[in-house]
Amino acid sequence: MQAPALYLVYLEPEPPAEVGAALRPLAPGLYLTHSAQTRSRLYHELKRRCRPRRLLVAPLADAPKFKGMQSGALAWLRAREG
């Protein structure tokens, strides 16, 4: 496995609760996750477990800047930066 990385994930429809627990919601369908899996493994795991109509998994080189996202998202992100 690789070192944990930050990923931006878009899933439609919403994931089941057991998958959603690993994802930090930003807005409807939009999530952050911190994972040691490669982008490909994370993508295929979400595809298999959620069977989404739409799916995007993108690695982030740095923490994103955002405004108006779901309450607690910034605190979740800062806890992983430290």
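The set of residues from the range 44-63 being touching a strand residue (DSSP E or B) at 6+ places or on another chain (Cβ under 8 Å), farther than 12 Å from Leu32 by Cβ and aliphatic (A, V, I, L, M) comprises Leu46, Leu55, Leu56. So how many residues does the range 67-82 have that are outside any helix (DSSP H, G or I) and surrounded by 14 or more Cβ atoms within 10 Å (Cβ to Cβ)? Residues in the range 67-82 being outside any helix (DSSP H, G or I) and surrounded by 14 or more Cβ atoms within 10 Å (Cβ to Cβ): 2 in total. A count restricted to the range 33-54 and to residues that are closer than 16 Å to Pro13 by Cα, touching a residue at least 12 places away in the same chain (Cβ under 8 Å) and surrounded by 15 or more Cβ atoms within 10 Å (Cβ to Cβ) stands at 4.
State yes or no: is Pro28 modelled with pLDDT under 95, under 22 Å from Gly72 (Cβ atoms) and touching a His at 6+ places or on another chain (Cβ under 6 Å)?
Working: modelled with pLDDT under 95: yes; under 22 Å from Gly72 (Cβ atoms): yes; touching a His at 6+ places or on another chain (Cβ under 6 Å): no.
Considered against the rule, which asks whether it is modelled with pLDDT under 95, under 22 Å from Gly72 (Cβ atoms) and touching a His at 6+ places or on another chain (Cβ under 6 Å), Pro28 comes out as no.
Being assigned to a loop (DSSP other than H, G, I, E, B) and under 24 Å from Glu81 (Cβ atoms) is the filter here; which residues of the range 30-66 pass it? Within the range 30-66, Ala36, Gln37, Thr38, Ala61, Asp62, Ala63, Pro64, Lys65, Phe66 meet the criteria. Each residue in the range 26-82 was checked for being over 24 Å from Gln2 (Cα atoms) and basic (Lys, Arg), and 5 pass.
Assess whether Ala58 counts as being at pLDDT below 90 and within 17 Å of Arg24 (Cα to Cα). No: the conditions fail for Ala58.
Taking the criterion of being in a strand (DSSP E or B) and either touching a residue at least 60 places away in the same chain (Cβ under 8 Å) or touching a Cys at 6+ places or on another chain (Cβ under 9 Å) (or both), would at least one residue in the range 6-24 satisfy it? Yes.
The values are calculated or read from the model by the stated rules, or taken from the named source; none is laboratory data. Model, not experiment: these values are computed from the prediction. Reconstructed Cβ throughout: ideal geometry from the backbone, glycine too, with neighbour counts over all protein chains shown.
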